[in-house]
Number of protein chains: 2
Amino acid sequence: MINEEYKAMLGGKSVIRELSEYATARGKQIGYENVFDFSLGNPSVPAPQAFTATMEDLYAHGDPIAIHGYSPSLGIPEFKEAVAANLNRRFGMDYTADHIFPTTGAAGALAHAFRAVTEPGDEIVTFAPYFPEYGPYTAGAGLKLTVVPADTTAWQIDFDAFERALNPKVTAVLINTPNNPSGAVYSEATLRRLAEVLEAKQREFGHDIFLISDEPYREIVFDGGTQPYPSAYYGNTLSCYSWSKSLSLPGERIGYVAVNPRAHDAGILVPMMGQISRGTGHNCPPSSIQLGVARVIDQTSDLSVYETNMNLLYDALVRLGFEVVRPGGTFYIFPKALEADATAFCLKAKEYDLILVPSESFGVPGYFRMAYCIDTEKVERAIPALERFVAEEYGRR
Amino acid sequence: MINEEYKAMLGGKSVIRELSEYATARGKQIGYENVFDFSLGNPSVPAPQAFTATMEDLYAHGDPIAIHGYSPSLGIPEFKEAVAANLNRRFGMDYTADHIFPTTGAAGALAHAFRAVTEPGDEIVTFAPYFPEYGPYTAGAGLKLTVVPADTTAWQIDFDAFERALNPKVTAVLINTPNNPSGAVYSEATLRRLAEVLEAKQREFGHDIFLISDEPYREIVFDGGTQPYPSAYYGNTLSCYSWSKSLSLPGERIGYVAVNPRAHDAGILVPMMGQISRGTGHNCPPSSIQLGVARVIDQTSDLSVYETNMNLLYDALVRLGFEVVRPGGTFYIFPKALEADATAFCLKAKEYDLILVPSESFGVPGYFRMAYCIDTEKVERAIPALERFVAEEYGRR
């Protein structure tokens, strides 16, 4: 018999996807180059040539049985070793291959992290603004998602609100830095204080509270900065990663969970994730891609275009009088809309072929997200459209 | 807090995996060429050259952003269209691309099929002997797995036992043909009768009973035969497939669910599977592999070695007095052990460096599985070891 719960979910459409579909359809009418489509967080720069060359070499000279064979259920050792070495070198960690669980992207990583360190019925806390898929992701693990209201001044953490949200039913806290949609990079001070609060609450409640850190934008940080590594500040941390953005491989579904060696039960969490996979139909990410990524582990795509685009947009938005926090990373910016109803604002923008995503689905009213993973040339052409839009609709110039 | 259920699962080890690990360790002592390792169902023939050439072409001439970009959440259209056309041509079906849901192999396919057409707490019926992972797969979907005792005469279906197993709580029936571990190919007569029973029980119970058909061995059929297509016999069928065996791509995690257009609610089942993915962390199979497989959809690896090996082993086993049903396909054979305790039998065989899998975990006592996806030369050398084993331990010659 048809499952009624999933059938009921068919009603709910993703705002981002609907806008993206609209942009595609509109592009067919007027030429896609004339649609200023800021809807989707899809990398606009290619995978690095070194990755392509590595894969061509694997296909040309590798043994197909080895390249395409079953991954061991906890991942291919050389891939896991490469990940551990990369993280240790960059962030002063002491991972071994045994702390790395390869997954089908960050979605797969989060699915395993949630199930490993919570029980169905537990509460998990996250912070507005947040990636809307956290709703179905946590619901799928049987968790109640509690959202802490945003710190709208800097998109860091409102610690008073956070402490009010914590109670003994909370067994995990989910962060995403650099952040989709705000572009904020959690500072060292934020991460230190987060760790202090969690340590204190662990003692108070007498049980673990795991920090689940979703880090697909880790390598997209501006002004020569870096993202402080959350796991370095708090032992009970599971770091969830994907190469969707840093190597521009979103369709290849490759990522991992890295278990902090100081975490409680660190030695069994990766084998437990292997057991979790059996119940969800997950398997390791594609073998050939594990092998390819292992060989280019220290590389990224040329991510500089995102910083160029951010600066162009940020300057234009400030000039036009928008309230906006300058992003520290990602390829998103999250300005305040020019009216309280962000959906109404974005609907008006659509008339100027500006495809902006209203903020309600990110858990904050009154803002909008622009994904500027598009050609710089198009960002430049979008700015006059933005100027015309705010002049004609809101009298700003 | 650590999830206690998954922690408890760490105790249970897979018999097949333990034997495979033993074979690898033993190989390090005496040379792996001297270990007659029949434990693992891992393809021993390479992917066809046409697949490698296609992938090389994609990497050399394709746009990396397109090749590695996000798959649409219900799959890449050209892949779905290629699958539908292939199935329509071969089996007289009338699928469109909209009936095809791409998955990370058969494990991903089954995970979506179970969740789409059952509710947690329902019963699902399968038939001994069966793939041991059906236990965790169905448990993960909240289902109670009921196993119908085997038809040991031909490894088809004991229909009396099947009818006794059916009750109003059963909402799905799971078959696997060609079968792991027996090598049986369900005949047209079996599939017709299965459909008749299910149609009658649907009417009697007043609700759908979906047939979930696990078909990764579909193309490995001997004597020039073919596997009758289960979905052609019964409307409420979800066909689950993987290219792990037919294209020797087990590590690339690519398969699908094909929804029979005559199934109840056929039009919404694929979109529902897209919703299911959001809760389990599944995403579509790797984009590059979807594109590659679409272009070689009508090809297979050279599967003839499996038939050669089967004939060698079958003849030897018959000569040595084993009771054994000649496999119609797959790369498994499932003879009766020479003593009632199959585990004791396989332990003795290990002393002769013959790695055989006892049948208990397949839901039938007293048999053993040999996976002959190995070099023919090794099968030939294994036969004298088998002869010596049964002569010395059981006085057979």
Karplus-derived 3J(HN,Hα), 6.51/-1.76/1.60, for each residue of the stretch B:11-17, Hz, glycine and proline x
x, x, 9, 7, 4, 5, 5
Can you run phi through the Karplus equation (6.51, -1.76, 1.60; θ = phi - 60°) for the stretch A:183-193 and list ³J(HN,Hα) in whole Hz, with x for Gly and Pro?
x, 6, 10, 4, 7, 4, 4, 4, 5, 5, 5
Name the long-range amide H neighbours of B:G328: under 5 Å, sequence gap of 5 or more, or other chain; modelled H, no Pro or chain starts.
B:A184, B:V185
Along the positive direction of the dipole of chain A (beta-carbon charges: Lys, Arg +1; Asp, Glu -1; about the Cα centre), which of A:I254, A:I2, A:V83 reaches farthest?
A:I2
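For A:L87, B:L356, what's the fewest-to-most ordering of other Cβ within 10 Å of each Cβ? Mind dumping the intermediate values first?
Values: A:L87 23, B:L356 27.
If I rank by nearby Cβ atoms, fewest first, I get A:L87, B:L356.
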Between B:E21 and the same site in the other copies, what are the distances in nm, shortest first, taking label points 7 Å from Cα along the C-beta direction?
4.7
Using a label point 7 Å beyond Cα on the Cα-Cβ vector, give me the inter-copy distances for B:P149 in nanometres, one decimal, shortest first.
6.7
Yeah, the stretch B:1-159 with a ≥ b ≥ c from its alpha-carbon gyration tensor (a/c under 1.5 is rounded, else prolate when a/b outruns b/c, oblate otherwise) is oblate
Amide hydrogen neighbours beyond the local backbone of B:V170, cut-off 5 Å, H modeled:
B:E123
Pairs of alpha-carbon atoms within less than 8 angstrom and 6+ residues apart define the contacts here; what relative contact order does the stretch A:18-117 have, in percent?
14
Helix A:266-280 sits at what angle to the longest principal axis of chain A, using alpha carbons and giving 0 to 90 degrees rounded to 10?
70
GNM on chain A, Cα springs under 10 Å; top mean-square fluctuation among A:A263, A:A340, A:A47 goes to A:A340
As I understand it, the value is the acute angle between the Cα axis of helix B:49-61 and the longest principal axis of the Cα atoms of chain B; what does it come to in degrees, rounded to 10?
40
For chain A the mean separation of alpha carbon contacts under 8 Å (6+ apart) over residue count, i.e. relative contact order in percent, is 23
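With runs of 4+ DSSP H residues as the only contributors, calculate the mean residue ellipticity of chain B at 222 nm using -39,500 (n - 2.57) per run, divided by the residue total and rounded to the nearest 500. Don't skip to the answer; put the middle values down first.
Working: 14 runs with 167 residues, N = 397.
The per-residue figure over chain B is -13000 deg cm²/dmol.
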Can you grab the distance from the C-alpha centre of the stretch B:166-228 to the C-alpha centre of the stretch A:183-218, Å, no decimals?
51
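Using the Cα centre of the stretch A:66-295 as the reference point, and only Cβ charges (+1 on K/R, -1 on D/E), how large is the resulting charge dipole? Debye, rounded to the nearest 20.
Details: 17 positive and 23 negative charges, 83 e Å.
It comes to approximately 400 debye.
What does the C-alpha gyration tensor say about the overall shape of the stretch B:341-397? Classify as rounded when a/c is under 1.5, otherwise prolate if a/b is larger than b/c, or oblate.
oblate
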For chain B, with a Gaussian network of springs between Cα atoms less than 10 Å apart, report the residue from B:G251, B:G225, B:G12 with the top mean-square fluctuation.
B:G12
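Mind sorting A:I30, A:I209, A:I65 by how few other Cβ atoms lie within 10 Å of their own Cβ, fewest first? Each step should come with its number before you reach the end.
Numbers: A:I30 10, A:I209 23, A:I65 17.
Fewest-to-most ranking of A:I30, A:I209, A:I65: A:I30, A:I65, A:I209.
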Run the label-point distances for B:E387 please: 7 Å along Cα to Cβ, every other copy, nanometres, shortest first.
9.1
Counting DSSP beta bridges with both ends in the protein assembly as shown, the antiparallel % (nearest 5)
45
Give me B:Y70, B:Y256, A:Y130 sorted ascending by neighbouring Cβ count inside 10 Å, so fewest comes first.
B:Y70, A:Y130, B:Y256
If one compares the long axis through the Cα atoms of helix A:77-91 with the longest principal axis of the Cα atoms of chain A, the angle in degrees, nearest 10, works out at 60
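For the stretch A:351-397, which chymotrypsin sites (Phe, Trp or Tyr not before Pro) are in a loop by DSSP, counting at most 12 other Cβ atoms within 10 Å?
Details: sites: A:Y352, A:F362, A:Y367, A:F368, A:Y372, A:F389, A:Y394; in loops: A:Y352, A:Y372.
Passing both the DSSP loop test and the Cβ count: no residue.
Antiparallel as a % of all DSSP beta bridges within chain A, to the nearest 5?
Numbers: 15 of 35 bridges.
Bridges in chain A are about 45 percent antiparallel.
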Would you mind checking which residues have amide H under 5 Å from A:G69's amide H? H placed 1.01 Å from N; only 5 or more apart, or other chain.
B:G251
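What FRET efficiency comes out for A:T96 versus A:N311 if R0 is 41 angstrom and r is the Cβ-Cβ distance? Round to the nearest 0.05. Present the calculation step by step, with values, prior to reporting the outcome.
Details: r = 40 Å, r/R0 = 0.98.
With R0 = 41 Å, the Cβ-Cβ based efficiency is 0.50.
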Among the DSSP beta bridges whose two residues both lie in the stretch A:66-295, what percent are antiparallel, rounded to the nearest 5?
35
Over all residues in A:310-316, what is the mean tally of Cβ atoms on other chains that come within 10 Å of each residue's Cβ?
0
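What is the extension gain from A:K350 to A:R203, computed as 0.36 nm multiplied by their sequence separation minus the C-alpha to C-alpha distance, in nm to one decimal?
On the way: separation 147, 0.36 × 147 = 52.92 nm, distance 5.08 nm.
Gain on stretching A:K350 to A:R203: 47.8 nm.
Read-outs throughout are calculated quantities, based only on the coordinates presented, and are distinct from any laboratory measurement. Keep in mind that what you see is a predicted model, and the values were worked out from it rather than measured. Because the Cβ atoms are built from the backbone with ideal geometry, glycine has one as well, and the counts that use them run over all protein chains shown.
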